[in-house]
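The values are calculated or read from the model by the stated rules, or taken from the named source; none is laboratory data. Here the structure is a predicted model, which is why all the values come from computation and not from measurement. Cβ sites come from the backbone with ideal geometry, for glycine too, and all protein chains shown count toward neighbours.
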Amino acid sequence: MAGPAFDQREGYIWYNGEYVDWKDAKLHVLSHGLHYGSTVFEGVRAYGGEIFKLKEHTDRLFRSAETLGMKVPYTKEELIEQQKDILKKEGLTDAYLRPVIWRGSELMGISAQANRINVAIAAWDWPSYFKPEDRLKGLRLTVAEWCRPDPRTIPCHAKAAGLYMICTLSKHKAENDGFNDAMMLDFEGNIAEATGANIFFTKDGALHTPVPDCFLDGITRQTVVDLARRRGIEVIERKIRPEEMADFDECFLTGTAVEVTPVASIDKYSFKPGAITTQLMDDYTNEAHPHALAAE
Ligand SMILES: Cc1ncc(COP(=O)(O)O)c(C=O)c1O
């Protein structure tokens, strides 16, 4: 996305209870969140001025913080109101919101029991960029070398910064090799997810998607499962081996950022965005921003 660097934008960021000038929303280099990964965050979208699944995202933010032992110094209701408020203050309608919570710089070391729990929310303009016909071309993915770790080794259901280290490594490698993204296997070699989105396949009119037992059960994933079931499409959540990709017809990713985005290939396996993918893309658009289709 072109535009000024993210620390050089105009506007305000809500930071520990007050609005600060965007360019002044800084933290100290000795922040625990930076050195030891004690940071959790959300990625939320607003369409036509309405924040989609705001409660679900805020619930997950609090669950993530709790998993990392961080007591959020605000209530859920306060942060829900704050997210609505920042949209209004910034005059945004189609936007991305990034709430973030991290341990501060009072003590430097692994133990940081008394460090301040900081909370900030930034929001910026983010319309849906891609026309449906462009998105239907599909993404090209490659299988990552890094895999999603054993759930006994990391808090895999928290949206925590530390879990993204292998995602960035995998995505960089994929991009450098000419792909759009990487698909990660889990520690047992099953298909897991992309670097910032969940994955679905279709076979004989049914949806197949990995059980989210060692990665994020995305809010978009849950929405799409629900939309598919409402359409009478069977949804099978199970362990999926990579060799099975030879027998799948369609493939798509789901996530707050990518919404429902078709995948054209994963290494040697090709998929053709078809009826189920296009149906669910439309259904998701209708669910998330019902006015968009009417306006086209
Ligand atoms: C690693 C990862 N998996 C899945 C998702 C999809 O989650 P959601 O649909 O809640 O945005 C995301 C995006 O937040 C993600 O970063």
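Which of the residues that make up segment 37-56 are within 13 Å of I101 (Cβ to Cβ) and within 14 Å of the ligand (Cβ to nearest atom)? Before you say what the answer is, go through the steps one by one.
Looking only at segment 37-56, we keep the residues that are within 13 Å of I101 (Cβ to Cβ), and these are 37-42.
Those that are within 13 Å of I101 (Cβ to Cβ) and within 14 Å of the ligand (Cβ to nearest atom): T39, V40, F41, E42.
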Could you count how many residues in segment 232-251 are in a loop (DSSP other than H, G, I, E, B), touching a Leu at 6+ places or on another chain (Cβ under 8 Å) and not aliphatic (A, V, I, L, M)?
1
Between residues in segment 121-132 that are small (G, A, S) and residues that are assigned to a loop (DSSP other than H, G, I, E, B) and modelled with pLDDT of 70 or more, which pairs lie under 6 Å by C-beta distance while being six or more apart or on different chains?
A123/L92
Enumeration of residues in segment 216-245 that are closer than 16 Å to D282 by Cα, away from the ligand (no atom under 16 Å from the Cβ) and not charged (D, E, K, R)
G232, I233
Could you look through segment 142-196, keep only residues that are within 14 Å of the ligand (Cβ to nearest atom) and basic (K, R), and pick out the one that is farthest from L68 (Cα to Cα)?
K171
Count, please, the residues in segment 51-70 that happen to be more than 14 Å from the chain's Cα centre (by Cα) and in contact (Cβ under 8 Å) with a residue 40 or more places away in the chain.
6
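If you take just the strands (runs of 3 or more DSSP E) that sit entirely in segment 1-67, which of them hold at least 3 residues that are surrounded by 14 or more Cβ atoms within 10 Å (Cβ to Cβ) and touching a helix residue (DSSP H, G or I) at 6+ places or on another chain (Cβ under 9 Å)?
Details: elements: 12-15, 18-21, 39-41, 44-47.
In segment 1-67, the matching strands (runs of 3 or more DSSP E) lie at 12-15, 39-41, 44-47.
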Show me the strands (runs of 3 or more DSSP E) found entirely inside segment 162-214 where at least 3 residues are farther than 14 Å from S265 by Cα and touching a Lys or Arg at 6+ places or on another chain (Cβ under 9 Å).
191-194, 206-210
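What tally of residues in segment 101-123 results from selecting those that are in contact with an Asp or Glu (Cβ under 8 Å, 6 or more places away or on another chain) and surrounded by fewer than 19 Cβ atoms within 10 Å (Cβ to Cβ)?
Taking segment 101-123 and keeping what is in contact with an Asp or Glu (Cβ under 8 Å, 6 or more places away or on another chain), we get 112, 114-116, 123.
Remaining after also requiring surrounded by fewer than 19 Cβ atoms within 10 Å (Cβ to Cβ): 114, 116.
Of the residues in that region, 2 qualify.
Taking the options T223, T278, T254, T261, name whichever one is closer than 19 Å to V44 by Cα and not in a strand (DSSP E or B).
Numbers: T278 fails: closer than 19 Å to V44 by Cα; T254 fails: not in a strand (DSSP E or B); T261 fails: not in a strand (DSSP E or B).
It is T223.
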Any idea which of (1) part of a strand (DSSP E or B); (2) surrounded by 20 or more Cβ atoms within 10 Å (Cβ to Cβ); (3) not acidic (D, E) is the one A228 doesn't satisfy?
(1)
Residues (free of Cβ contacts under 8 Å to residues at least 40 places away in the same chain and either aromatic (F, W, Y) or in contact with a Ser or Thr (Cβ under 6 Å, 6 or more places away or on another chain) (or both)) located in segment 219-233
R221
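Please verify whether S105 is within 14 Å of the chain's Cα centre (by Cα) and in contact (Cβ under 8 Å) with a residue 24 or more places away in the chain, treating the condition exactly as stated. Spell out how you get there, then give the answer.
On the way: within 14 Å of the chain's Cα centre (by Cα): no; in contact (Cβ under 8 Å) with a residue 24 or more places away in the chain: yes.
So S105 fails the test.
Just one of I80, I86 is crowded, with 20+ Cβ neighbours inside 10 Å, in a helix (DSSP H, G or I) and not assigned by TED's automatic domain parsing to the domain that holds R221; which is it?
Details: I80 fails: crowded, with 20+ Cβ neighbours inside 10 Å.
Residue meeting the stated conditions: I86.
Do you know which residues across segment 231-258 are among the hydrophobic types (A, V, I, L, M, F, W, C) and surrounded by 13 or more Cβ atoms within 10 Å (Cβ to Cβ)?
Taking segment 231-258 first, the residues among the hydrophobic types (A, V, I, L, M, F, W, C) are 233, 235-236, 240, 245-246, 248, 251-253, 257-258.
Within segment 231-258, I233, V235, I240, M245, F248, C251, F252, L253, A257, V258 meet the criteria.
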